[in-house]
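Some notes on the structure that comes next.
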Amino acid sequence: MAEPDVTTRRPSAAREPLPTARQATGRAARPAVAPAEPDDAGGDVSYPEQAAQDAIGQAIGQAIATSRDATGAPLHRGWLPVSGHHRWLEPFVLMALAGGSTHGYAIIGVLTTVGMTEAALDVGQVYRTLRDLEQAGQISSTWTTGVGPARRDYTMTELGSLALDEWAAVMKERGRLIAEFDAAYLGWVAARARGDCGADGLPG
C-alpha cells in the first residue's frame, strides 16, 4: 500500500548552522551561552538560561519548554508546551524516529503498539504531523524505490533532536502533575473509605 504523498515545503528563511545536538556520550549537547552583560543604556542583565532558551526556540521555530537550567538543560512548568501550535503527536513521532530512519507506516506501527488511542490511530493525523515537522526542519524525508511501491523514509534532524530534548522536559512535567493528581485522588479515596467525607463527598 503506497503512502500518502505529503508535499514537502521548506521554511523560507535560511537557518543558521547548529551545533551537533548529540555528543559521543549520547547526551544532548547544550548551546554555549555567553555571560550576560548590562546594555549601554544601563538596562537589566539578561539571564543566560533565558537567552539559551530564546535561541533554541528561534532555532526550532516555536518554543516548547518554558526555560532552561544553568547547564542549558530544558525545564518546563505547566501541562501545555509554550506554543499552542504544536500537534500532540509531535513528541511521539520524534521519539519513534530517535532510533533511526523509517517510513510512515512503521511509525504508525510504533504508535499503535504504544497504545496512543483506544480506537484506530488517525493515519492522516500522523502524516500531517510528519509534514509539519518537516516544514519546521525537525525531520527530513527521501523517497525510496525498489521492490514494491515507492515509500518515503523519514529521518530526525539536529533541530529535531533539540526539539525532542524540549519535549522530554514537557513530558517529565506532565508526569509530575499526574503524580500530584494521583496522590491527591488516592488520599480522597482513602478518606471516603474511612468515612471521613460528608454527604457531598468532601472531607469533613
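Tell me which residues come under 5 Å, amide H to amide H, from His103 once H is placed; ignore anything under 5 positions away on its chain.
Close amide H contacts, sequence-distant or interchain: Tyr154.
What's the Kirkwood radius of region 48-193 in Å, using all Cα pairs?
Radius from the Kirkwood sum: 16.9 Å.
The numbers here are math on the coordinates, done by the rules we state, and not lab data. Please read all numbers here as calculations on a predicted model, not as lab measurements.
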